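Contents: one structure, followed by commentary.
The values are calculated or read from the model by the stated rules, or taken from the named source; none is laboratory data. Because the structure is a prediction, the values reported are computed rather than measured. With ideal geometry, Cβ positions are generated from the backbone for all residues, glycine too; neighbour counts draw on all protein chains shown.
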Amino acid sequence: MIFASGIFLFWFLPALLLVYYGSPRAVRSLVIAGASYIFYGWWRPDFVALMLISTVVDYWCGRSIAAARDRQRPCRSWLLLSVCVNLGLLGYFKYANFGVDTLNALLAGMGMEAMTWTKVVLPIGISFYTFQTMSYTIDVYRGAAPPVGRFRDFMCYVAMFPQLVAGPIVRYRDVADQLRDRTHSWSRFYQGALLFECGLAKKLLIADVLDPVASLAFDGAAPGMLGAWTGLGAFTLQIYFDFSGYSDMAIGLGLMLGFRLPVNFDAPYRSRSITEFWRRWHISLSSWLRDYLYVPLGGNRRGPIRTYVNLGVTMLLGGLWHGANWTFMAWGAWQAAWLIVERLGGREAVWRRAPGVLRQAACFLVVMLGWVWFRSADLGAAMDYFGALAGAGAGGPVPIAPIHVVALVAGVVITFALPTSQQLAARDRLLWVIGVQLAFFIAILQLHAEDHVPFLYFQF
């Protein structure tokens, strides 16, 4: 089930809210957990079992770590069990196909017979909930979070449907108190509803409208220079409005249920350096990689060379987290290279002496070029697209309808000129509210008029 669907908007969500607010406070977390299993299992009920395995193992490991520490006994084995189970699930379901395909390519190059293999289906959201549950056991091991008391609260934490399949990645310590007792109010519910409506409008009216433009440019023959830049611009806006729109909906739904989930985007395309960009883009993932990978590797505490190596490893694995393809590794390497260059310059961009607008434009250009790796089907296609950007493409311009132009212009204005959706929702001004309601109404009409595009991050 997805947010941008009639079954969710007109059946699942109203029914859940009625049951949730009609239930005693003591069982509301259980209601969310049960509803989340229905939400997640709507497509493939069997994948609920994988999430339950992760839930049971990490609940047990967290409790065992705390019990062993209380008795002054070693507890590292429980942490290793949690990490191995979660990474094992993630590794098999997300990377087994990639590993076999790579092996078969090597075998073919040596003139040997390819290995037979039945493709593994990737469970939606497995990258998010495995990272989330691992953060719980690691934090309990570090003493940074208390062990969960009630199993139903941990079920609610892991399976919470607003952020289950595409984040933000929520740490247990940030919602531990809310799982036990959270505040419900009309003002919080109202703000959540506005954020949800805003996110749905961003997804359907900008991201989905721009998808055909990006697809024509990236999936067809190499376009001409103008077509290549148009397609890249469309994808740059599409991925931002798709993912930030989902995050708005997730945070809004959380508020409607009494939870305050972390902000995941903070106007990232306005950054003036790549270092700043990663403080604003997919904040929950970048902070997770920093705290659970970069810092344990040594961070910047072991000299400059080790710092650069740690940055490179972190971003390469961050790229691989997004997908089992060499293009994501290349995207991670692209990001790592710019972060290392900026670290060499004292965490400042190489264009730091330029005027503010030019610094922002230069950073935006670097980010855009990085999306070529992210969007391309393979490394060869990426290189062809870079050639098209430079004018080497044999194709012509990408066809653009008036609705695409409107979406492009609206996307640029919202991205660079308006406050973030969280800021606007907090202001609660009449003009903003009317604008959101109008956009939401048009989005609902759009939902019924055309086929929707699944959220891009569902595949990661």
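Miscellaneous remarks
- Considering the stretch 149-181, the residues that are under 24 Å from Ala4 (Cβ atoms), small (Gly, Ala, Ser) and modelled with pLDDT under 90 include one that is surrounded by the fewest Cβ atoms within 10 Å (Cβ to Cβ), namely Ala166.
- For the residues Ala381, Ala354, the requirement of being more than 24 Å from Phe189 (Cα to Cα), in the same structural domain as Asp242 (by TED's automatic domain parsing) and without any contact (Cβ under 8 Å) to a residue 60 or more places away in the chain singles out Ala354.
- On inspection, Leu320 does not qualify as surrounded by 20 or more Cβ atoms within 10 Å (Cβ to Cβ) and either free of Cβ contacts under 8 Å to residues at least 60 places away in the same chain or not basic (Lys, Arg) (or both).
- Of the residues making up the stretch 207-232, those that are surrounded by 22 or more Cβ atoms within 10 Å (Cβ to Cβ) and either within 18 Å of the chain's Cα centre (by Cα) or of a type in the set (Gly, Ala, Ser) (or both) are Ala207, Asp208, Ala214, Ala217, Gly227, Ala228, Gly231.
- Matching option when the condition is modelled with pLDDT of 90 or more and surrounded by 14 or more Cβ atoms within 10 Å (Cβ to Cβ), among Ala439, Ala377, Ala417: Ala439
- Looking only at the stretch 105-131, residues that are farther than 30 Å from Arg171 by Cα and in contact (Cβ under 8 Å) with a residue 12 or more places away in the chain come to 3 in all.
- With respect to the conditions (1) surrounded by 15 or more Cβ atoms within 10 Å (Cβ to Cβ); (2) closer than 22 Å to Gly125 by Cβ; (3) without any contact (Cβ under 8 Å) to a residue 24 or more places away in the chain; (4) among the small types (Gly, Ala, Ser), Ser64 lacks only one, and its number is (2).
- Cβ pairs under 9 Å, 6+ apart, first in the stretch 210-228 and in the same structural domain as Val409 (by TED's automatic domain parsing) and modelled with pLDDT under 90, second crowded, with 18+ Cβ neighbours inside 10 Å and of a type in the set (Val, Ile, Thr): Gly220/Val398; Pro223/Thr230; Pro223/Val398; Gly224/Val398
- In the condition set (1) surrounded by fewer than 19 Cβ atoms within 10 Å (Cβ to Cβ); (2) under 28 Å from Ala166 (Cα atoms), Arg343 is compliant with all but (2).
- Residue check, Trp60 out of contact with any strand residue (DSSP E or B) (no Cβ under 6 Å at 6 or more places or on another chain) and not in a helix (DSSP H, G or I): no
- Of all the listed residues (Thr275, Thr183, Thr236), the sole one being closer than 23 Å to Ala388 by Cβ and of a type in the set (Ser, Thr, Tyr) is Thr236.
- Subset of the stretch 181-230 [small (Gly, Ala, Ser) and within 20 Å of Gln163 (Cβ to Cβ)]: Gly192, Ala193, Gly199, Ala201, Ala207
- Those residues of the stretch 69-96 which are under 21 Å from Trp321 (Cβ atoms), without any contact (Cβ under 8 Å) to a residue 40 or more places away in the chain and small (Gly, Ala, Ser), in sequence order: Gly88, Gly91, Ala96
- Meets criteria (surrounded by fewer than 19 Cβ atoms within 10 Å (Cβ to Cβ), outside any helix (DSSP H, G or I) and assigned by TED's automatic domain parsing to the domain that holds Pro147) for Arg73: yes
- For the stretch 383-398, the count of residues that are more than 19 Å from Gly224 (Cα to Cα) and surrounded by fewer than 13 Cβ atoms within 10 Å (Cβ to Cβ) is zero.
- Where Ile53 falls short, out of the listed (1) of a type outside the set (Phe, Trp, Tyr); (2) closer than 23 Å to Gly125 by Cα; (3) part of a helix (DSSP H, G or I); (4) touching a residue at least 60 places away in the same chain (Cβ under 8 Å): (4)
- Scanning the stretch 182-206 for residues that are charged (D, E, K, R), in a helix (DSSP H, G or I) and surrounded by fewer than 23 Cβ atoms within 10 Å (Cβ to Cβ) yields one hit, Arg188.
- Within the stretch 1-22, tally of residues that are surrounded by 14 or more Cβ atoms within 10 Å (Cβ to Cβ) and assigned to a loop (DSSP other than H, G, I, E, B): 5
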